[in-house]
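Novice: Quick one: this structure, given as structure tokens, is what I'll be asking you about.
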Amino acid sequence: MSLPTGKNVIGLDVGGTKIQCGLVSPTGKILAHVTLPTEVAKGRAAIMHNIMMAIEAVWKKNTAAIGIGLAGLIDHRLGVYRQGPNFPKSFRNIPFALLLGKKYGVPVRLDNDVHCFSLAEAVYGAGRNHRNVVGITLGTGIGGGIVINGTLYRGKDNAAGEVGHMIIDLSSDAPCGCKNKGHFEALASGSAMARLYKLRTGIDRTPLEVENEAKNGGKHALAVLTEMQHGLAAGLANIMQILNPDVIVIGGGLRRVKMLWQPAIKEAQKLVIYPELKKTVIAKSILGSDAGVLGASLLTREAPM
Ligand SMILES: [Zn+2]
């Protein structure tokens with residue numbers, strides 16, 4: 001089926017607790033929106049039922065396609081959801097493109113949530129006046145997406161832009177979510193904040209507690225933030241150096257920690273070698289919770305794979 005360009009499409013952001021679904025115009029206006037619980041604990045049939053309820057709640061005659069973003073491993077060519085951290089074992093290998101394509105008679109596109117975030121920010125958000133955009137989400141983990149002229153660069157296996165597991169420091173003892181050490185996510189994510197604190201002090205703290213302790217001048221927390229600052233700077237510098245993007249758009253909870261960001265950006269500028277690279281714009285995401293729905297809708301507007 002050929003993909004629509006000038007028609008309204010549906011975008012879904014299927015998370016571990018809620019499904020956000022919108023009918024989106026060709027200019028990125030959300031014409032109708034619904035939020036439903038995902039109910040992951042109830043298993044595959046209930047999750048699929050909720051997804052279809054969300055689609056039907058915003059569906060209008062002439063809806064031309066459906067795009068879906070979920071966290072996890074996705075075969076974007078076949079439109080199959082393989083597996084991911086938010087969903088139970090029963091919710092694996094779901095052939096969304098086939099199932100929903102048959103049910104609704106429209107093309108269905110699927111990709112991971114960070115690709116959707118990056119695409120939305122590149123086209124409608126903080127990257128909209130730029131050609132080449134890298135999106136990064138700094139939350140519990142770190143995800144990324146590379147958007148070139150409005151299209152995601154996926155690489156051979158849809159793994160391009162996986163910045164979270166970029167190696168920052170081979171000699172580091174900081175553990176990553178993937179069990180390796182010294183990765184970007186091990187040094188610069190929300191979970192890194194807690195893990196590094198535990199590693200250096202033996203004490204359990206939440207990321208928010210570490211942040212507050214640092215604000216009050218606590219020396220252990222400040223040391224953790226300095227370690228993270230170096231990690232963050234190296235990661236940003238690598239991205240600038242390899243891709244020379246117009247802008248790096250940052251989303252996720254950690255973006256709020258100003259005392260980490262400002263010095264990290266300055267340090268990154270010192271680490272890159274060309275003066276032009278030092279001017280790489282680093283912008284805060286602006287679409288908030290709409291990014292998932294808008295990005296999923298944009299999947300349906302990409303050229304055929
Ligand atoms: Zn890793």
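The values are calculated or read from the model by the stated rules, or taken from the named source; none is laboratory data. The structure displayed is predicted, hence computed values, not measured ones. All Cβ positions, glycine included, derive from the backbone under ideal geometry; neighbour counts span all protein chains shown. Surface accessibility is based on the protein's heavy atoms, side chains included, excluding ligands, DNA and RNA. Shrake-Rupley method; radii C 1.70, N 1.55, O 1.52, S 1.80 Å.
Novice: Give me the percent of accessible area attributable to carbon and sulfur for segment 244-286, probe 1.4 angstrom. Intermediate values should be presented prior to the final figure.
Specialist: Working: 1340 of 2380 Å².
After summing per-atom areas, the C and S share lands at 56 percent.
Novice: Starting from the Cα of LYS279, draw a straight line to each of the aspartates and glutamates and keep only those under 14 Å, dropping any in the same chain fewer than 8 residues away.
Specialist: LYS279 reaches ASP246, GLU267.
Novice: Further question on the same structure: So which lysines can LYS219 reach, going by Cα to Cα under 26 Å and dropping same-chain residues fewer than 8 places off?
Specialist: In chain and number order, the partners are LYS181, LYS198, LYS258, LYS266, LYS270.
Novice: Another question, then. Give me the orientation-averaged projected area of the Cα convex hull of the chain, in nm², one decimal.
Specialist: Values: hull surface 63.0 nm².
Average projection, Cα convex hull of the chain: 15.7 nm².
Novice: What is the percent of Cα-Cα separations in segment 126-284 that go past 20 Å? Present the calculation step by step, with values, prior to reporting the outcome.
Specialist: On the way: 5954 of 12561 pairs.
Summing the P(r) tail past 20 Å for segment 126-284 gives 47 percent.
Novice: Let me ask something additional. Taking only DSSP H segments of four or more residues, each worth -39500 (n - 2.57), what value at 222 nm results for the chain once the sum is divided by all its residues, to the nearest 500 deg cm²/dmol?
Specialist: Details: 10 runs with 114 residues, N = 305.
Computed mean residue ellipticity for the chain: -11500 deg cm²/dmol.
Novice: Also, quick follow-up: Just the number, please: percent antiparallel of the DSSP beta bridges in the chain, rounded to the nearest 5.
Specialist: 60 percent
Novice: Taking the alpha-carbon centroid of each part, what is the distance from segment 111-135 to segment 65-90 in angstrom?
Specialist: 19 Å
Novice: Could I ask something else about it? Summarise the accessible area of segment 77-197 (1.4 Å probe, protein heavy atoms) by the percent that is carbon and sulfur. Before the final figure, lay out the partial values.
Specialist: Numbers: 2620 of 5180 Å².
Carbon with sulfur: 51 percent of the solvent-accessible area.
Novice: List the residue ranges in the chain for DSSP H helices whose C-alpha atoms run 24 angstrom or more along the long axis and whose Kyte-Doolittle average is -1.0 or above.
Specialist: 219-243
Novice: Could you compute how much accessible surface THR226 exposes when probed at 1.4 Å, giving the result in Å² to the nearest 10?
Specialist: Number for this one is 60 Å².
Novice: Something else: Semi-axes, largest first, in whole Å: what does sqrt of 5 times each Cα gyration tensor eigenvalue give for segment 243-305? Each step should come with its number before you reach the end.
Specialist: Details: eigenvalues 154, 66, 9 Å².
Values for segment 243-305, descending: 28, 18, 7 Å.
Novice: Protein chains only, probe 1.4 Å: how do ARG301, ARG256, ARG44 rank by accessible area, largest first?
Specialist: ARG256, ARG44, ARG301
Novice: For segment 126-284, what does the accessible surface come to per residue with a 1.4 Å probe? Please give it in Å².
Specialist: On the way: 7690 Å² over 159 residues.
Accessible area per residue: 48 Å².
Novice: Pairs LYS60/LYS103; LYS42/LYS89; LYS102/LYS156; LYS7/LYS284: which exceed 19 Å Cα-Cα?
Specialist: On the way: LYS60/LYS103 15 Å; LYS42/LYS89 11 Å; LYS102/LYS156 28 Å; LYS7/LYS284 30 Å.
From the list (LYS60/LYS103; LYS42/LYS89; LYS102/LYS156; LYS7/LYS284), the Cα-Cα distance tops 19 Å for LYS102/LYS156; LYS7/LYS284.
Novice: Ranked from the most accessible area to the least, with a 1.4 Å probe and all protein chains present, what is the order of ILE286, ILE68?
Specialist: Values: ILE286 105, ILE68 0 Å².
Largest accessible area first, the residues go ILE286, ILE68.
Novice: If you line up the Cα atoms of segment 1-57 on their principal axes, what length do they span on each, largest first, in Å?
Specialist: Taking max minus min along each principal axis of the Cα atoms, segment 1-57 gives 38, 24, 16 Å.
Novice: Which order do ASP290, ASP75, ASP157, ASP111 take by accessible area at a 1.4 Å probe, largest first?
Specialist: Working: ASP290 65, ASP75 40, ASP157 105, ASP111 0 Å².
Sorted descending by solvent-accessible area, the residues read ASP157, ASP290, ASP75, ASP111.
Novice: Next question, about the same structure. Give me the percent of DSSP beta bridges within segment 1-71 that run antiparallel, rounded to the nearest 5.
Specialist: Working: 13 of 18 bridges.
Of the beta bridges lying entirely in segment 1-71, close to 70 percent run antiparallel.
Novice: How long is the gain from ILE286 to LYS258 if the chain were fully straight, where each residue apart is worth 0.36 nm and the alpha carbon distance is subtracted? Could the numbers behind the result be given before it?
Specialist: Working: separation 28, 0.36 × 28 = 10.08 nm, distance 1.64 nm.
Contour length minus Cα-Cα distance gives 8.4 nm.
Novice: Further question on the same structure: Size of the dipole of segment 126-284 about the Cα centre, Lys and Arg at +1 and Asp and Glu at -1 on the beta carbon, nothing else charged, in debye to 20?
Specialist: 320 debye
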